[in-house]
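*Asks:* First, the structure itself, so that you have it in front of you.
The values are calculated or read from the model by the stated rules, or taken from the named source; none is laboratory data. No experiment lies behind these values; they were computed from the predicted model shown. Every residue, glycine as well, gets a Cβ built from its backbone with ideal geometry; the counts of neighbours run over all protein chains shown.
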Amino acid sequence: MRRWEQGRQRSGYWKLKIISFEPYFDLYLLKYPRGAYIPLHRDPVLGRRHYRVNIVLKKAEAGGEFRCDKALFSWGRIVVFRSDIHPHEVAPVWRGCRYVLSLGVSSGVPSVHEEDWEFSGRRLHS
(Lines give C-alpha, C1' and ligand atoms only; values in the text may rest on other atoms or scores of the structure.)
Protein backbone atom coordinates (compact mmCIF):
# COMPACT_ATOMS: atom_id res chain seq x y z
CA MET A 1 0.00 0.00 0.00
CA ARG A 2 1.32 3.43 -0.93
CA ARG A 3 1.51 6.10 1.77
CA TRP A 4 2.17 9.81 1.86
CA GLU A 5 5.63 10.57 3.28
CA GLN A 6 7.08 13.82 4.50
CA GLY A 7 9.31 15.47 1.88
CA ARG A 8 13.09 15.26 2.09
CA GLN A 9 13.56 18.87 3.19
CA ARG A 10 10.99 18.48 6.01
CA SER A 11 9.45 21.82 5.05
CA GLY A 12 5.78 20.84 5.12
CA TYR A 13 5.28 19.19 1.73
CA TRP A 14 4.30 15.55 1.24
CA LYS A 15 5.19 13.01 -1.45
CA LEU A 16 3.50 9.88 -2.71
CA LYS A 17 5.75 7.55 -4.74
CA ILE A 18 3.87 6.27 -7.78
CA ILE A 19 6.75 4.35 -9.35
CA SER A 20 10.52 4.22 -9.05
CA PHE A 21 13.25 2.40 -10.92
CA GLU A 22 16.36 3.87 -9.33
CA PRO A 23 18.63 5.33 -10.47
CA TYR A 24 16.92 5.74 -13.84
CA PHE A 25 13.53 7.31 -13.12
CA ASP A 26 10.90 8.04 -10.49
CA LEU A 27 7.40 9.49 -10.45
CA TYR A 28 5.87 11.25 -7.45
CA LEU A 29 2.70 13.10 -6.60
CA LEU A 30 3.65 16.08 -4.42
CA LYS A 31 1.26 17.86 -2.07
CA TYR A 32 1.95 21.33 -0.67
CA PRO A 33 -0.60 22.27 2.03
CA ARG A 34 -0.74 25.78 3.48
CA GLY A 35 2.65 26.77 4.90
CA ALA A 36 4.62 24.21 2.87
CA TYR A 37 7.63 25.27 0.81
CA ILE A 38 10.91 23.88 -0.49
CA PRO A 39 14.10 25.84 0.26
CA LEU A 40 16.58 26.64 -2.48
CA HIS A 41 18.61 23.52 -3.28
CA ARG A 42 20.01 21.20 -5.95
CA ASP A 43 19.62 17.42 -6.23
CA PRO A 44 23.06 16.09 -7.21
CA VAL A 45 23.24 12.53 -8.48
CA LEU A 46 26.88 11.45 -8.48
CA GLY A 47 27.98 10.41 -11.97
CA ARG A 48 24.61 11.12 -13.62
CA ARG A 49 22.56 13.96 -15.08
CA HIS A 50 19.23 14.42 -13.34
CA TYR A 51 16.26 15.95 -15.19
CA ARG A 52 12.84 16.70 -13.69
CA VAL A 53 9.52 17.34 -15.38
CA ASN A 54 7.03 19.00 -13.05
CA ILE A 55 3.36 19.31 -14.01
CA VAL A 56 1.21 21.44 -11.72
CA LEU A 57 -2.11 19.61 -11.36
CA LYS A 58 -3.63 22.16 -8.98
CA LYS A 59 -2.27 25.59 -8.15
CA ALA A 60 -2.43 27.02 -4.64
CA GLU A 61 -4.85 29.90 -4.20
CA ALA A 62 -1.90 32.05 -3.07
CA GLY A 63 1.84 31.36 -3.05
CA GLY A 64 3.51 28.08 -3.95
CA GLU A 65 5.34 29.36 -7.04
CA PHE A 66 8.17 27.20 -8.43
CA ARG A 67 11.40 29.13 -9.01
CA CYS A 68 14.34 28.07 -11.16
CA ASP A 69 16.44 30.58 -13.10
CA LYS A 70 17.60 28.00 -15.65
CA ALA A 71 14.56 25.94 -16.65
CA LEU A 72 15.14 24.05 -19.92
CA PHE A 73 11.46 24.37 -20.87
CA SER A 74 8.53 26.11 -19.26
CA TRP A 75 5.02 26.31 -20.64
CA GLY A 76 1.93 26.95 -18.57
CA ARG A 77 1.89 24.39 -15.78
CA ILE A 78 4.81 22.33 -17.15
CA VAL A 79 8.50 22.91 -16.37
CA VAL A 80 11.57 20.83 -17.33
CA PHE A 81 14.87 21.51 -15.56
CA ARG A 82 18.18 19.98 -14.51
CA SER A 83 17.68 19.49 -10.78
CA ASP A 84 21.29 18.35 -10.30
CA ILE A 85 22.94 21.61 -11.37
CA HIS A 86 20.25 24.33 -11.33
CA PRO A 87 19.15 25.68 -7.93
CA HIS A 88 15.37 25.56 -7.51
CA GLU A 89 12.76 26.19 -4.82
CA VAL A 90 9.04 26.46 -4.11
CA ALA A 91 7.72 29.58 -2.38
CA PRO A 92 5.53 29.07 0.71
CA VAL A 93 1.87 28.24 0.07
CA TRP A 94 -0.21 30.94 1.75
CA ARG A 95 -3.71 29.74 0.88
CA GLY A 96 -5.10 26.54 -0.57
CA CYS A 97 -3.15 23.44 -1.55
CA ARG A 98 -0.79 22.79 -4.48
CA TYR A 99 -0.44 19.40 -6.24
CA VAL A 100 2.39 18.52 -8.63
CA LEU A 101 3.18 15.41 -10.66
CA SER A 102 6.99 15.15 -10.72
CA LEU A 103 8.92 12.83 -13.04
CA GLY A 104 12.67 12.41 -12.52
CA VAL A 105 14.94 10.90 -15.17
CA SER A 106 18.68 10.30 -14.84
CA SER A 107 21.15 9.63 -17.64
CA GLY A 108 24.47 7.87 -17.25
CA VAL A 109 26.49 10.81 -18.56
CA PRO A 110 28.61 12.18 -15.69
CA SER A 111 28.05 15.84 -14.90
CA VAL A 112 28.37 16.44 -11.18
CA HIS A 113 31.76 17.53 -9.89
CA GLU A 114 32.86 17.37 -6.28
CA GLU A 115 32.39 21.13 -5.83
CA ASP A 116 28.74 20.85 -6.98
CA TRP A 117 27.87 18.99 -3.78
CA GLU A 118 28.29 22.18 -1.74
CA PHE A 119 25.83 25.00 -2.24
CA SER A 120 25.17 28.18 -0.33
CA GLY A 121 21.42 28.60 0.04
CA ARG A 122 20.71 31.99 -1.47
CA ARG A 123 17.10 32.64 -2.50
CA LEU A 124 16.05 33.17 -6.11
CA HIS A 125 14.01 36.28 -6.94
CA SER A 126 14.33 37.67 -3.42
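*Asks:* Among the residues of region 63-70, is any touching a strand residue (DSSP E or B) at 6+ places or on another chain (Cβ under 8 Å), assigned to a loop (DSSP other than H, G, I, E, B) and at pLDDT 95 or above? Can you show your working first?
*Replies:* Initially, region 63-70 is screened for residues touching a strand residue (DSSP E or B) at 6+ places or on another chain (Cβ under 8 Å), giving 63-68, 70.
If we keep only those that are assigned to a loop (DSSP other than H, G, I, E, B) too, we end up with 64-65, 70.
Filter again for at pLDDT 95 or above, leaving 64-65.
Yes, there is a match, as at least one residue in region 63-70 is touching a strand residue (DSSP E or B) at 6+ places or on another chain (Cβ under 8 Å), assigned to a loop (DSSP other than H, G, I, E, B) and at pLDDT 95 or above.
*Asks:* Still on this model: Residue under question is Gly76, and the condition is that it be at positive phi and within 15 Å of the chain's Cα centre (by Cα); does it hold? Before you say what the answer is, go through the steps one by one.
*Replies:* Working: at positive phi: yes; within 15 Å of the chain's Cα centre (by Cα): no.
It is false that Gly76 is at positive phi and within 15 Å of the chain's Cα centre (by Cα).
*Asks:* Go through region 24-42 and report how many residues are at positive phi and in contact with a Lys or Arg (Cβ under 8 Å, 6 or more places away or on another chain).
*Replies:* Summing the residues that are at positive phi and in contact with a Lys or Arg (Cβ under 8 Å, 6 or more places away or on another chain) in region 24-42 gives 0.
*Asks:* Now for a different question. Which one of Ser102, Ser106 is at pLDDT below 95, assigned to a strand (DSSP E or B) and under 20 Å from Arg8 (Cα atoms)?
*Replies:* On inspection, the qualifying residue turns out to be Ser106.
*Asks:* If a residue must be buried (at least 18 other Cβ atoms within 10 Å of the Cβ) and at positive phi, how many such residues does region 43-73 contain?
*Replies:* 2
*Asks:* Same structure again: Output the residue which, of all residues in region 43-62 that are in a loop (DSSP other than H, G, I, E, B) and in contact with a Lys or Arg (Cβ under 9 Å, 6 or more places away or on another chain), is farthest from Gln6 (Cα to Cα).
*Replies:* Glu61
*Asks:* Mind checking whether some residue in region 3-11 is closer than 27 Å to Gly108 by Cβ, more than 13 Å from the chain's Cα centre (by Cα) and part of a strand (DSSP E or B)?
*Replies:* No, every residue in region 3-11 fails to be closer than 27 Å to Gly108 by Cβ, more than 13 Å from the chain's Cα centre (by Cα) and part of a strand (DSSP E or B).
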